[in-house]
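S.K.: Structure incoming, see below.
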Amino acid sequence: MIERRVKKIVKILIIGIMALTTFGFLVMVLWNWLAPPILGAHTINFWQALGILALSKILFGGFHKHGGHWKGRMGERWAQMTPEEREKLRQAMASRCGRAGVEAK
């Protein structure tokens with residue numbers, strides 16, 4: 001169980017590092033391709049591109065809970081369901097997640 005969790009964490013970290021590297025590289029390439037000829041700006045390196053990426057996340061993305069809006073809507077729908085509807089939803093979600101043989105709580 002713990003080994004599975006560690007593997008999952010390592011996998012998420014590797015994917016996150018790959019995504020950050022890819023996005024940073026794309027920002028650097030696009031900036032260096034567009035900004036100097038259009039705006040007369042200087043070219044940037046990879047670390048500066050990551051800084052621009054972080055700054056744009058802060059300015060335009062904000063810091064909010066992951067899935068907060070969806071969780072709130074689902075919580076409202078869950079509160080309005082009857083126990084039979086809740087059980088039906090649990091079973092449907094378990095079958096979609098590949099846990100058809102797992103008993104829902």
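Just so it is clear, none of the values below were taken in a lab; they were calculated from the coordinates. Please read these numbers as outputs of a predicted model, since none were measured by experiment. Ideal geometry is used to build each Cβ from the backbone, glycine not excepted, and the neighbour counts take in all protein chains shown.
S.K.: Non-local amide H neighbours of residue 44 (under 5 Å, H modeled in plane, Pro and chain starts lacking H): which ones?
M.R.: 32
S.K.: For residue 53 and residue 90 in the same chain, what is the full-extension length gain: residue separation times 0.36 nm, less their Cα-Cα distance, in nm? Working shown, then result.
M.R.: Details: separation 37, 0.36 × 37 = 13.32 nm, distance 3.88 nm.
Between residue 53 and residue 90, full extension yields 9.4 nm more.
S.K.: Given 0.36 nm per residue, what is the gain on full extension from residue 43 to residue 8 after removing their alpha carbon distance, in nm? Could the numbers behind the result be given before it?
M.R.: Details: separation 35, 0.36 × 35 = 12.60 nm, distance 3.77 nm.
Contour length minus Cα-Cα distance gives 8.8 nm.
S.K.: Order 4-13, 39-48 from most to least packed using the mean count of other Cβ atoms within 10 Å.
M.R.: Working: 4-13: 9.7, 39-48: 11.5.
The packing order, highest mean first, is 39-48, 4-13.
S.K.: With label points built 7 Å along Cα→Cβ from the Cα atoms of residue 73 and residue 33, find their separation and express it in nm.
M.R.: 3.4
S.K.: Just check the stretch 1-63 against the gyration tensor rule for me: Cα atoms, a ≥ b ≥ c as the square roots of the eigenvalues, rounded for a/c under 1.5, and otherwise prolate or oblate depending on whether a/b exceeds b/c.
M.R.: Numbers: a/c = 4.70, a/b = 2.49, b/c = 1.89.
Here the stretch 1-63 falls in the prolate category.
S.K.: A further question on this structure: So what J values fall out for the stretch 39-45 if you push phi through Karplus, 6.51 cos²θ - 1.76 cosθ + 1.60 with θ = phi - 60°, rounded to Hz, Gly and Pro as x?
M.R.: Per-residue couplings from phi come out as 9, x, 7, 7, 6, 10, 9 Hz.
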